[in-house]
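Asker: Can you keep this structure in mind? I'll have questions shortly.
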Amino acid sequence: MTRRATTSRRSFLKTGLAASAAVAAPGRLTAQSAPGATKTIRAVMHGDLTVLDPIWTTANMSAYHGAMLYDTLFGIDANLDTKPQMVSKWGASDDKKTWTFELRDGLKFSDGSAVTSDDVIASLRRWAARDGAGQHMMQRVADIAKKDDKTFQFVLKEPYGYLVDALGKTSTPLCYIMRKKEAETNPMEKITAYVGSGPFLFNEAETRQGVRYVYDRNPNYLPRSEPASGLAGGKVAKVDRVIFENMADSQTALAALQAGEIDFYETPPIDLIGQLEGDSNLTLEVLNKTGNIGWLRMNFLHPPFNNVDARRAMLYLLDQEDFMKATFGNPKFYKKCPSNFGCGVPMENDANTGWFKEAPSQAKAKEYLQKSGYKGEPIVLMQATNIDFMRNAADLVAGALRSIGANVQVASSDWGGVVNRRAVKAPPEQGGWNLFITWADGNAVSNPIALAGHAATGEKAWFGWPSDGKNEELRDKWAVAGSLQEKQQIARELQENAWNFVPHVWLGQWVAPTARRKNLTGMLAVPGVVPFWNAQKA
Amino acid sequence: MGAFIIRRLLSTLLVMGLVGVFIFLLLHLSPGDPAAIIAGDNATPAQIEAIRTSLGLNDPLHVQFGRWAMRVLSGDLGISIFSNVPVATLIAQRVWPTLSLAFTTIVLAVTLALAAGVLAAWKAGSLADRLVMILSVVGFSVPVFVVGYLLIYVFAISLRWLPVQGYSPLAEGFWPWASHLILPSTALGLAYVALIARITRTAMLDVLAEDYMRTARAKGVATGPMLFKHALKSAGVPIVTVVGIGIALLIGGVVITETVFNLPGIGRLVVDAISKRDYPIIQGVILLFSGVYVIINLLVDLSYTLLDPRIRY
């Protein structure tokens, strides 16, 4: 007699329970006690934190991560003025060629070790190897020398007025100070340990790459005594834990915010702002007042945009209002801005902006395009279809160009495809391109050195490879300038020159409100990063 | 039977090998540059080039493939080029939410679909039958993300009965675990309920029309045992086939469902990796999926022998 295999209700339940236990087991291993809800902020930021080394990449999420666990020598305050942060005293020699900096007393890394000049110097060298402003600075630096454990000196080949501002800038990568051990990592390789002297420490055990990133209050952090302001002042962590939740879907993040499952959402979709405004549990606030600036990049290497008249045609052709309205709709979130350094920033000016008063002018644009010698060759416009602003803006640029008789070929792909192709210097018909659209952080745009796109160094420049000797002379002059007035005057000259050789066309400036639960207060407004010190939950 | 299983397992290796070559070529020949994405938008071409070199992305394709293939053959799926975390670790971290979702979805779908399909066949032509068929059409037609958002709006935002998103391990309590899976399983399971219910109805109608079922009824066998013990078992082969296909199709379904409900599973892992062009993760996960797919098919084939003694391998 053979026994037949049958499935009984009892055996089914047993199997089910066994499967449930198997599914549960890993969770039991990872479950740990966590701070209470009022001591934990759950935030959904604009993207995933893919790289944990904030020096190795210019990605904003990595800068946010860096601001949590690392401190900076200087930081900008809410008025965009550079203030000391890790530094207590500093000063320059009479000839402005030797700068001496002293660290605050009692600075410690989260592992308890003291922050010393050795850590700072190694960090400065690694940052300068990766950062455009750092490289610009290092061309003028003869040496960075240790005086003692708390004091270090910059010895310059020539006066460099931008030095302190470069150390406190918020355009990526920021000049974060790491332990010497990590800072001595080859700048071309990523660090693998994340220990800083900032207000939070990185909880790697609770972090799940691609899911959530956990930061706990750093008990060793020594805040300044001044009130918090931007990235300056006392960075007092008022909650025990901050969690960056990675949510790919904006609708889900919005629902989670409304349901109280998260406390903060950095970039709610603009078209749903009305819905959020009607929710009495939520507050909307613009934290990055300088916002972003839409950017049309033209390829200087190939016709027709290797000719200045074709580039001028674009200045006259495009109306920033169209670009802003198409994606952002509500005028309270955007403005037109003719300044090469953005609006609402110290370098904003109106030099050589006559074109702005005339634009859009199809007649003028057509005239300039014809003058450039354009003969109807295809203009390849790269369009990232997965990003609203880029998709809409490319449609508008294509339409405007066609309206003046240009032969436009739209090359559509996702943003990854654009990023890949924009590096190709070959002619458009051989896989290159003529135009692409992106945007830049308003605060970075306001700085002629910090934004890589302001350089016009030909084939060494940012994509589009603009070339203009006068632009480079003026950028150097701006970096050396000592006073704000002097910098503003040079910025005018830079802009006067820029709108003559037209390195790019701006497509309008916008801000994006953040959304948060009403019981979350104390969020600080600053460009470049979203600080979570000073924030607290009721 | 033993030889059949060994043969099929060997074919799994072959399939995985071919999938590996295909996915490698597909990824590396399609547009997208992980170095540019890592570097960030403000990076200069020189910085991007330096990263590309450091990641070995400038090496000839055959060198890159050889390097990856050797690692895979030694049991190492590689390391994420963004996070530096081993792909096997990332998969291990993400596998439980996906398994939980797949498990609850299949249990929910099979339970509801069998009941609905048997009911529709038993009451063929009745209002209940039509209702089941209408719901099946709806289940097929409405995309999972639409169902997902509707469920979130009604049950999570308006009624506040269930959480919007996330995952809670079973170890932290049955209800937190189940409450995070009810909405995603329902959204994902709806299409499978529709599919399995229709197949069950059709298979059951054929079996119920057989002479031996009429004989069973004439001999006074109660409706319950007749339907579920005799008829359903005889109709089992096509149903199990569809359930097997359904489990395989779940691989695609979980990608969307995990995104809508923010479940930190393998689907999200691979979607995020694709958007970043994190080649080792994409290659590792697809390789794993292909193996799972082949093994599910093998299990389905083997289950036929339990349902129909005439089938032997």
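Asker: Give the residues of segment A:449-474 that are buried (at least 19 other Cβ atoms within 10 Å of the Cβ), more than 14 Å from every other protein chain (Cβ to nearest Cβ) and within 28 Å of A:Trp99 (Cα to Cα), sorted by residue number.
Answerer: Within segment A:449-474, A:Asn471, A:Leu474 qualify.
Asker: Return the residues of segment A:230-253 that are away from chain B (no Cβ under 14 Å), part of a loop (DSSP other than H, G, I, E, B) and not aliphatic (A, V, I, L, M); say none if nothing qualifies.
Answerer: A:Gly230, A:Gly233, A:Gly234, A:Lys235, A:Lys238, A:Asp240 - these are the residues of segment A:230-253 that are away from chain B (no Cβ under 14 Å), part of a loop (DSSP other than H, G, I, E, B) and not aliphatic (A, V, I, L, M).
Asker: While we're looking at this one, here's another question. Please give the number of the condition A:Trp295 fails out of (1) part of a helix (DSSP H, G or I); (2) touching a Phe, Trp or Tyr at 6+ places or on another chain (Cβ under 6 Å).
Answerer: Among (1) part of a helix (DSSP H, G or I); (2) touching a Phe, Trp or Tyr at 6+ places or on another chain (Cβ under 6 Å), the lone unmet condition for A:Trp295 is (1).
Asker: While we're looking at this one, here's another question. A:Thr290 is checked against (1) under 24 Å from the mean Cα position of the chain (by Cα); (2) more than 14 Å from chain B (Cβ to nearest Cβ); (3) surrounded by fewer than 20 Cβ atoms within 10 Å (Cβ to Cβ) and fails just one. What number does that condition carry?
Answerer: It is condition (3) that A:Thr290 fails.
Asker: Moving on. Under 26 Å from A:Phe532 (Cβ atoms) and modelled with pLDDT under 95: does that describe A:Leu272?
Answerer: When the stated conditions are applied, A:Leu272 passes them.
Okay, residues lined up against (1) within 30 Å of A:Val239 (Cα to Cα); (2) among the small types (Gly, Ala, Ser); (3) modelled with pLDDT under 95; (4) surrounded by 16 or more Cβ atoms within 10 Å (Cβ to Cβ):
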site	(1), (2), (3), (4)
A:Ser483	no, yes, yes, no
A:Ala491	no, yes, no, yes
A:Asn497	no, no, no, yes
A:Val502	no, no, no, yes
A:Val505	no, no, no, yes
A:Gln509	no, no, no, yes
A:Thr514	yes, no, no, yes
A:Arg517	yes, no, no, yes
A:Ala525	yes, yes, yes, no
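Conditions tested, residue by residue: (1) aliphatic (A, V, I, L, M); (2) under 27 Å from A:Lys108 (Cα atoms).
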| position | (1), (2) |
| --- | --- |
| A:Leu222 | yes, yes |
| A:Gly230 | no, yes |
| A:Ser250 | no, no |
| A:Leu257 | yes, no |
| A:Glu266 | no, no |
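One line per residue, one yes/no per condition, for (1) out of contact with any Asp or Glu (no Cβ under 6 Å at 6 or more places or on another chain); (2) closer than 19 Å to B:Ser100 by Cβ; (3) free of Cβ contacts under 8 Å to residues at least 24 places away in the same chain:
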| residue | (1), (2), (3) |
| --- | --- |
| B:Leu159 | yes, no, yes |
| B:His180 | yes, yes, no |
| B:Ala194 | yes, no, no |
| B:Ala197 | yes, no, no |
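Asker: Could I ask something else about it? Provide a single number: the residues in segment B:120-176 that are of a type outside the set (Ser, Thr, Tyr) and closer than 30 Å to B:Ala231 by Cβ.
Answerer: Qualifying residue count for the region: 19.
Asker: Related question: Please specify each residue of segment A:187-229 satisfying the condition of being closer than 20 Å to B:Ile81 by Cα, assigned to a strand (DSSP E or B) and either touching an Asp or Glu at 6+ places or on another chain (Cβ under 9 Å) or away from chain B (no Cβ under 14 Å) (or both).
Answerer: Of everything in segment A:187-229, those that are closer than 20 Å to B:Ile81 by Cα, assigned to a strand (DSSP E or B) and either touching an Asp or Glu at 6+ places or on another chain (Cβ under 9 Å) or away from chain B (no Cβ under 14 Å) (or both) turn out to be A:Arg212, A:Tyr213.
Asker: Okay, next question. Pick out the one residue from B:Pro225, B:Pro238 that is surrounded by fewer than 19 Cβ atoms within 10 Å (Cβ to Cβ) and under 22 Å from B:Ile295 (Cα atoms).
Answerer: Going through B:Pro225, B:Pro238 in turn, the sole match is B:Pro238.
Asker: Among the helices (runs of 4 or more DSSP H) contained in segment A:98-178, which hold 1 or more residues that are within 14 Å of chain B (Cβ to nearest Cβ) and either in contact with an Asp or Glu (Cβ under 8 Å, 6 or more places away or on another chain) or free of Cβ contacts under 8 Å to residues at least 40 places away in the same chain (or both)?
Answerer: Helices (runs of 4 or more DSSP H) meeting the threshold: A:117-130, A:132-138.
Asker: Looking for something more than 9 Å from chain B (Cβ to nearest Cβ), touching a residue at least 60 places away in the same chain (Cβ under 8 Å) and of a type in the set (Ser, Thr, Tyr) - is there at least one such residue anywhere in segment A:43-62?
Answerer: No, because not a single residue in segment A:43-62 is more than 9 Å from chain B (Cβ to nearest Cβ), touching a residue at least 60 places away in the same chain (Cβ under 8 Å) and of a type in the set (Ser, Thr, Tyr).
Asker: Identify the single condition in (1) over 30 Å from B:Ile266 (Cα atoms); (2) within 13 Å of another protein chain (Cβ to nearest Cβ); (3) crowded, with 22+ Cβ neighbours inside 10 Å that A:Ala256 does not satisfy, given that it satisfies every other one.
Answerer: Answer for A:Ala256: the failing condition is (1).
Asker: Another question, then. Just give me the residues in segment B:294-313 being without any contact (Cβ under 8 Å) to a residue 12 or more places away in the chain and either part of a helix (DSSP H, G or I) or within 20 Å of B:Pro34 (Cβ to Cβ) (or both), in sequence order.
Answerer: Residue satisfying the conditions is B:Leu306 alone.
Asker: Only one of (1) within 14 Å of chain B (Cβ to nearest Cβ); (2) assigned to a loop (DSSP other than H, G, I, E, B) is not met by A:Asn443, so which one is it?
Answerer: Status for A:Asn443: all satisfied but (2).
Asker: List the pairs whose first member sits in segment B:29-41 and is more than 7 Å from every other protein chain (Cβ to nearest Cβ) and touching a residue at least 24 places away in the same chain (Cβ under 8 Å), whose second member is of a type outside the set (Gly, Ala, Ser) and assigned to a loop (DSSP other than H, G, I, E, B), and whose Cβ atoms are under 6 Å apart, counting only residues at least 6 apart or on separate chains?
Answerer: B:Pro34/B:Ile81; B:Pro34/B:Arg277
Asker: A further question follows. Of the residues B:Gly291, B:Gly265, B:Gly284, which is in contact (Cβ under 8 Å) with a residue 40 or more places away in the chain, under 15 Å from the mean Cα position of the chain (by Cα) and surrounded by 24 or more Cβ atoms within 10 Å (Cβ to Cβ)?
Answerer: One residue alone meets the criteria, B:Gly265.
Asker: Identify all residues within segment A:334-391 that are assigned to a helix (DSSP H, G or I) and touching a residue at least 60 places away in the same chain (Cβ under 8 Å); write none if there are none.
Answerer: Residues satisfying the conditions are A:Trp355, A:Leu369, A:Lys371, A:Asp388, A:Phe389.
Asker: OK, next. Name the residues in segment B:47-102 that are among the hydrophobic types (A, V, I, L, M, F, W, C), within 30 Å of B:Leu263 (Cα to Cα) and within 9 Å of chain A (Cβ to nearest Cβ), would you?
Answerer: Once the filter is applied, which keeps residues that are among the hydrophobic types (A, V, I, L, M, F, W, C), within 30 Å of B:Leu263 (Cα to Cα) and within 9 Å of chain A (Cβ to nearest Cβ), segment B:47-102 yields B:Phe82, B:Val85, B:Leu90, B:Ala92, B:Val95, B:Trp96, B:Leu99.
Asker: For the list (1) more than 21 Å from the chain's Cα centre (by Cα); (2) over 21 Å from A:Val529 (Cβ atoms), I need the number of the one condition that A:Leu163 fails.
Answerer: (1)
Asker: Still on this structure: Can you name every residue in segment B:259-271 that is part of a helix (DSSP H, G or I) and within 9 Å of chain A (Cβ to nearest Cβ)?
Answerer: Answer for segment B:259-271, where residues must be part of a helix (DSSP H, G or I) and within 9 Å of chain A (Cβ to nearest Cβ): B:Thr259, B:Val260, B:Arg268, B:Leu269, B:Val271.
Asker: What's the total number of residues in segment B:1-53 that are on the phi > 0 side of the Ramachandran plot and among the hydroxyl-bearing types (Ser, Thr, Tyr)?
Answerer: Counting residues in segment B:1-53 that are on the phi > 0 side of the Ramachandran plot and among the hydroxyl-bearing types (Ser, Thr, Tyr) gives 0.
Asker: Out of all the residues in segment B:120-132, which are within 12 Å of B:Leu205 (Cβ to Cβ) and either assigned to a helix (DSSP H, G or I) or small (Gly, Ala, Ser) (or both)?
Answerer: If the condition is that a residue be within 12 Å of B:Leu205 (Cβ to Cβ) and either assigned to a helix (DSSP H, G or I) or small (Gly, Ala, Ser) (or both), then B:Ala120, B:Ala121, B:Trp122, B:Ala124, B:Gly125, B:Asp129 are the ones that fit.
Asker: Is segment B:181-188 home to any residue that is within 11 Å of chain A (Cβ to nearest Cβ) and over 20 Å from the mean Cα position of the chain (by Cα)?
Answerer: no
Asker: Filter segment A:63-94 for residues that are of a type in the set (Ser, Thr, Tyr) and either free of Cβ contacts under 8 Å to residues at least 40 places away in the same chain or at the interface with chain B (Cβ under 9 Å from one of its Cβ atoms) (or both) and give the result.
Answerer: A:Ser88, A:Ser93
The values are calculated or read from the model by the stated rules, or taken from the named source; none is laboratory data. As the structure is a computational prediction, the values presented were derived from the model and not from experiment. Virtual Cβ from ideal backbone geometry, glycine too; neighbours counted across all protein chains shown.
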